[in-house]
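Here's the structure, in structure tokens; my notes come after.
The values are calculated or read from the model by the stated rules, or taken from the named source; none is laboratory data. The structure displayed is predicted, hence computed values, not measured ones. Heavy atoms of the whole protein, side chains included, go into the accessibility calculation; ligands, DNA and RNA do not. Shrake-Rupley method; radii C 1.70, N 1.55, O 1.52, S 1.80 Å.
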Amino acid sequence: MKPNIPDRKFCVAPMMGYTTPYARRLYRILSKKTFLFTEMIATKTMIHSQNKNLIIKNDQQNPIAIQVGGSDPLDLSKCSDIAKSLNYDEINLNVGCPSKAVQKGSFGACLMKDKHLVRKCIESMQKNNIEVSMKCRIGIGKVFNYEFFEEFIDEIEKSGIRIIYVHARNAILNGISPKGNRSIPPLNYEFVKKIKKKYPNINFILNGGINNLEYAYNLTKEFDGVMLGRLIQNNPFCLRKIDSIFYGSSNNTFNENTIHEYFEFIKPNIGKDSIFRLLSPLLQIFFGIPNSKKYKLEIHKNMKENKIEALEKTFLQFTKDQKEILFS
Ligand SMILES: Cc1cc2nc3c(=O)[nH]c(=O)nc-3n(C[C@H](O)[C@H](O)[C@H](O)COP(=O)(O)O)c2cc1C
């Protein structure tokens with residue numbers, strides 16, 4: 001790691017619909033050191049949306065990056081100003097999303113076909129003393145092609161970029177869904193190892209298919225950091241182990257106060273955002289815990305009726321009853 005680059009040893013991947021401001025608060029309660037990402041936010045939304053405060057505010061959840069989707073250098077430059085003003089540590093350009101909607105807007109993974117434009121986009125954001133990074137794939141289509149990946153990075157490197165997150169599989173732009181694009185194209189970590197050898201001064205953060213913490217930790221011996229998505233989506237509570245495993249600090253305490261702190265954070269947003277968006281990160285507390293059906297039923301009933309006090313009580317009761325399993 002370059003000494004002046006903040007640590008990206010363990011990152012939670014940007015996930016639309018999941019890494020909301022509420023989820024990020026939960027993640028931050030559970031781990032002080034994990035590097036967080038927002039969901040991808042389209043440049044136009046970031047610049048013009050009237051509801052943007054609900055999606056782009058930072059709430060002092062640093063260290064954190066805001067991820068942006070776009071390909072207009074002027075818009076991206078404005079987004080960089082906004083990111084800086086909201087005290088984000090980093091602005092990240094999405095060059096990995098394969099969805100049809102994103103392709104229609106000419107951003108995401110299809111940008112890998114125009115390396116000169118990607119470089120221009122990155123350069124347009126590089127001002128304000130904010131770190132500018134990129135998240136990309138290793139290629140486009142069904143066939144592995146290291147030369148394509150290398151030539152792409154050769155061009156981007158000229159921007160002076162210091163951090164690149166690589167989802168280590170190709171993006172297939174036709175015929176499969178975004179979900180399929182996260183599992184059907186095979187993983188290839190070797191491409192990332194090889195490009196790191198060529199550019200030792202760039203921090204390459206490995207993403208894709210890392211599905212347990214021990215494996216993730218072992219990968220940090222070979223890569224500058226790891227980025228995990230679906231493991232955290234399914235089980236955010238495993239984040240309480242990150243500070244000790246990856247950073248040598250002590251584990252964060254997880255107890256009834258965690259629930260209380262979370263509820264205090266979401267309460268001011270009741271009525272402004274949907275109850276599901278407010279509470280969905282916490283619903284993952286049931287992951288892998290037997291005999292939780294009665295609590296789940298109670299919670300779904302109270303969610304329908306918007307009964308926030310009753311919801312807090314049920315979550316607290318659940319954490320008390322399942323102490324042995326949850327806090328072990
Ligand atoms: C529900 C969901 C939403 C996602 N949204 C984004 C996004 O907004 N931006 C992005 O770069 N990647 C997005 N991704 C991809 C993840 O960041 C990550 O690259 C991918 O899930 C592979 O990592 P994993 O195997 O650890 O899950 C999303 C993934 C999921 C599961």
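What to note about this one:
- Residues 44, 198, 9, sorted by accessible area with the largest first, give 44, 198, 9 [1.4 Å probe; ligands and nucleic acids excluded].
- Accessible carbon and sulfur surface of segment 10-247 relative to its total accessible area, %, 1.4 Å: 49
- Filter on 142/198; 44/158; 9/196; 44/78; 194/241 - keep pairs with C-alpha separation over 20 Å: 142/198; 44/158; 194/241
- Solvent-accessible area per residue, Å², over segment 256-326 with all protein chains present [probe radius 1.4 Å]: 57
- Per residue, the accessible area of segment 34-175 comes to 39 Å², computed with a 1.4 Å probe over protein heavy atoms only.
- Cα-based equivalent ellipsoid of segment 10-247: semi-axis lengths in Å, sorted from largest, via gyration tensor: 23, 23, 17
- Cα long-axis angle, helix 189-198 against the chain (0 to 90 degrees, to the nearest 10): 50
- Segment 14-78-segment 207-256 distance, computed between alpha-carbon centres (Å): 20
- Over segment 256-326, the hull volume per residue, using the convex hull of the C-alpha atoms, is 76 Å³.
- For the residues 113, 57, 241, a 1.4 Å probe over the protein chains yields an accessible-area ranking, largest first, of 113, 241, 57.
- In units of the rule-of-thumb radius 2.2 N^0.38 Å, segment 1-77 shows an alpha carbon radius of gyration of 1.16.
- Per residue, the Cα convex hull of segment 204-317 amounts to 131 Å³.
- Extent along principal axes [Cα atoms of segment 57-149; Å; largest to smallest]: 42, 26, 25
- Under 16 Å from the Cα of residue 323 - lysines, other chains or at least 8 residues apart: 313
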